[in-house]
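The values are calculated or read from the model by the stated rules, or taken from the named source; none is laboratory data. Predicted, not measured: the structure shown is a model, and the values here were computed from it. In this analysis, Cβ positions are derived from the backbone assuming ideal geometry, glycine residues included, and neighbour counts consider all displayed protein chains. Note: areas computed on protein heavy atoms with side chains; ligands, DNA, RNA excluded. Shrake-Rupley method; radii C 1.70, N 1.55, O 1.52, S 1.80 Å.
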Amino acid sequence: MISGTLDQFLDCLDFSPNAIKEIIKQLAVDLPLNDMAKREAIQDKLNFNVTKAIEIKNTKFDGGEVEEKTSEVAHRRAAPVKTGAAPTGRRYKPDLNKQ
């Protein structure tokens, strides 16, 4: 993606499986991909805006509106877990008379 030509990259976008295309999207943001022609190719072929994704990744949260958590205590809805030890030993008795 970084060292290949634009034609090689376009072939990759056209003929690779969907899993590889998802990896390309992820790497384009993580590296980041600095080639604007390749960013435009990703936008055209995969409908993914790399520039916007990089901006969002690099944006720091400014502490805007955050919902305050209420002090409600969660109640367990499931039956209580038994704390007794599980029986040990074999549960299935093999029939030794069968051969």
> What tally of residues in the range 1-35 results from selecting those that are open to solvent by 40 Å² or more (accessible area, probe 1.4 Å), outside any helix (DSSP H, G or I) and hydrophobic (A, V, I, L, M, F, W, C)?
Replying inline: 3
> Taking into account only those residues within the range 36-57 that are open to solvent by 50 Å² or more (accessible area, probe 1.4 Å) and touching a residue at least 24 places away in the same chain (Cβ under 8 Å), which is nearest to the chain's Cα centre (by Cα)?
Replying inline: Lys57
